[in-house]
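Below you'll find the structure, written out as structure tokens, and then a few comments.
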Amino acid sequence: MSRKSQGKRHMSREMALRMLYQIDLGGAGPEAVFAAFDPADFLSDGAATTPAKPTVRTREQAEERRLQVQTALEHARELVMGTCAEQDEIDEMIRKQADNWRLERMSPVDRNILRLAVFEMRNEVDVPKLVIVDEAIELAKKYGSENSGRFVNGLLDGLLKRHEFPGVLK
């Protein structure tokens, strides 16, 4: 898997997490969340300064970034639709694995990171399962609480040991 592909997948996961969080807490359906989602946060490539007069190179870079964001947004939409479609089965897997943790009492961030990761582990055969777990942990560290990374890691590790998922582990 190329570095660019990994970057787009990471961006897709972040977008999908934000959308799943909105669906979970706001009660809106996926289509309403898609319509309202603004990918502007993802258009910046992290450059600290922008030249006063855009050069051909910066315009080309901006266009390339816009295309990356669009591709990531399309993949995020697929992740969200799939996660929502399989949510009952995914939630049941999480409930069975999460001893002493009711799904409804989990942090909404953690809950939706877990849902997204389990959906990917069940359906993304071209992505190694450990990559999915690592990405989920990174999302938990970025968006969750101080303990979210460990919590997500422990639960997903348990699911990997308990279930057979299609594709490769590493």
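The values are calculated or read from the model by the stated rules, or taken from the named source; none is laboratory data. Predicted model only: the values in this text are computed from it and were never measured. As a convention, Cβ positions derive from the backbone with ideal geometry for all residues, glycine included, and neighbour counts pool all protein chains shown.
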*Take segment 5-46 and flag every residue that is closer than 13 Å to Arg77 by Cα, part of a helix (DSSP H, G or I) and free of Cβ contacts under 8 Å to residues at least 60 places away in the same chain.*
Arg18, Pro30, Glu31, Ala32, Val33, Phe34, Ala35, Ala36, Pro39
*Pairs, please: C-beta under 7 Å, at least 6 apart or cross-chain, first residue over 15 Å from Arg18 (Cα atoms) and in segment 65-81, second at pLDDT below 95?*
Arg65/Leu43; Arg65/Asp45; Arg66/Leu43; Gln68/Lys8; Thr71/Lys8
*Of the numbered conditions (1) modelled with pLDDT of 95 or more; (2) farther than 18 Å from Lys141 by Cβ; (3) touching a Ser or Thr at 6+ places or on another chain (Cβ under 8 Å), Leu20 satisfies every one except a single condition; which is it?*
(2)
